[in-house]
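Asks: This is the structure I want to talk about, given as structure tokens.
The values are calculated or read from the model by the stated rules, or taken from the named source; none is laboratory data. Quick caveat, the model's predicted, so the values are computed rather than measured. Positions of Cβ are generated from backbone atoms using ideal geometry, with glycine treated the same way; all protein chains shown enter the neighbour counts.
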Amino acid sequence: MKYTFNPQFTVEQVYRMPFKEERVYQPDGTIKYVPLSSKEGTGIAFFDQLLEWCSYYCYHDIKALAYNAGLDMTQINGFVYLLTGMDARNFITKYKMRLVDDYLRYTNLSATKILEQCGIDSISTFTKRMQKVYKTNIRGRRQSLRQPNDVGRYR
């Protein structure tokens with residue numbers, strides 16, 4: 001008998017915005033930034049650590065995270081696959097694409113700076129992926145995501 005399973009988590013379910021504060025308009029019309037409430041963890045310590053790494057430290061090599069946890073990439077891939085139905089590389093790529101979307105929508109950072117923030121080494125490879133996934137370039141993606149007053153909503 002073959003065992004089948006459904007992944008526990010999607011990228012959207014575990015995604016954490018890269019921002020720390022949200023803009024709030026006060027009754028008198030002034031603007032105040034308040035801390036974002038932190039997303040509750042999954043309850044799986046290493047996976048929560050991986051998610052934090054994806055959001056804030058993804059410019060570092062995942063092999064360093066594996067080394068610090070005493071794991072090799074085969075173990076990490078199996079672990080991530082059991083939780084998400086994707087190997088670690090695909091999960092991290094989808095997570096980074098979501099990070100890029102937030103930076104495109106809520107900031108005026110250049111594409112180069114955004115990719116640097118998200119730990120993406122090659123702008124040409126990323127541009128090809130953007131074209132394949134969204135059928136547009138980085139500028140077009142930014143325009144399709146952005147709503148009025150989005151810039152500066154988070155920081």
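Asks: Of the residues in the range 81-131, how many are under 15 Å from the mean Cα position of the chain (by Cα), β-branched (Val, Ile, Thr) and part of a helix (DSSP H, G or I)?
Replies: The qualifying residues number 5.
Asks: Could you check the range 75-111 and list, in sequence order, the residues that are hydroxyl-bearing (Ser, Thr, Tyr) and either at pLDDT 90 or above or under 22 Å from ASN149 (Cβ atoms) (or both)? Walk me through how you get there before you give the answer.
Replies: The first filter runs over the range 75-111 and keeps only residues hydroxyl-bearing (Ser, Thr, Tyr), leaving 81, 84, 93, 95, 103, 106-107, 110.
TYR81, THR84, TYR95, TYR103, TYR106, THR107, SER110 - these are the residues of the range 75-111 that are hydroxyl-bearing (Ser, Thr, Tyr) and either at pLDDT 90 or above or under 22 Å from ASN149 (Cβ atoms) (or both).
Asks: In addition: Quick one: which of GLU116, GLU40 is surrounded by 12 or more Cβ atoms within 10 Å (Cβ to Cβ) and of a type in the set (D, E, K, R)? Let's see the steps before the verdict.
Replies: Values: GLU40 fails: surrounded by 12 or more Cβ atoms within 10 Å (Cβ to Cβ).
Residue meeting the stated conditions: GLU116.
Asks: Look at ARG142 and say whether it is in contact with a helix residue (DSSP H, G or I) (Cβ under 7 Å, 6 or more places away or on another chain) and at pLDDT 90 or above. Talk me through it step by step, then tell me what you get.
Replies: Working: in contact with a helix residue (DSSP H, G or I) (Cβ under 7 Å, 6 or more places away or on another chain): yes; at pLDDT 90 or above: yes.
Spelling it out, ARG142 is indeed in contact with a helix residue (DSSP H, G or I) (Cβ under 7 Å, 6 or more places away or on another chain) and at pLDDT 90 or above.
Asks: Take the residues in the range 1-37 that are of a type in the set (Ser, Thr, Tyr) and surrounded by 11 or more Cβ atoms within 10 Å (Cβ to Cβ); name whichever of them is modelled with the highest pLDDT. Write out each step before concluding.
Replies: In the first step, residues of the range 1-37 are kept if they are of a type in the set (Ser, Thr, Tyr); the result is 3-4, 10, 15, 25, 30, 33, 37.
Add one more test, that the residue is surrounded by 11 or more Cβ atoms within 10 Å (Cβ to Cβ), and what stays is 10, 15, 33.
Numbers: THR10: 93, TYR15: 93, TYR33: 96.
Top of the filtered list is TYR33.
Asks: I've got another one for you. For GLY78, indicate whether it is more than 18 Å from ARG153 (Cα to Cα), touching an Asp or Glu at 6+ places or on another chain (Cβ under 7 Å) and free of Cβ contacts under 8 Å to residues at least 12 places away in the same chain. Write out each step before concluding.
Replies: On the way: more than 18 Å from ARG153 (Cα to Cα): yes; touching an Asp or Glu at 6+ places or on another chain (Cβ under 7 Å): no; free of Cβ contacts under 8 Å to residues at least 12 places away in the same chain: yes.
Spelling it out, it is not the case that GLY78 is more than 18 Å from ARG153 (Cα to Cα), touching an Asp or Glu at 6+ places or on another chain (Cβ under 7 Å) and free of Cβ contacts under 8 Å to residues at least 12 places away in the same chain.
Asks: Being in a helix (DSSP H, G or I), within 18 Å of PHE79 (Cβ to Cβ) and in contact (Cβ under 8 Å) with a residue 12 or more places away in the chain is the filter here, so list the residues in the range 1-54 that pass it.
Replies: Step one: filter the range 1-54 for residues in a helix (DSSP H, G or I), giving 11-14, 45-54.
When the remaining residues are screened for being within 18 Å of PHE79 (Cβ to Cβ), the result is 11, 13-14, 45-54.
Within the range 1-54, VAL11, VAL14, PHE46, PHE47, GLN49, LEU50, LEU51, GLU52, TRP53, CYS54 meet the criteria.
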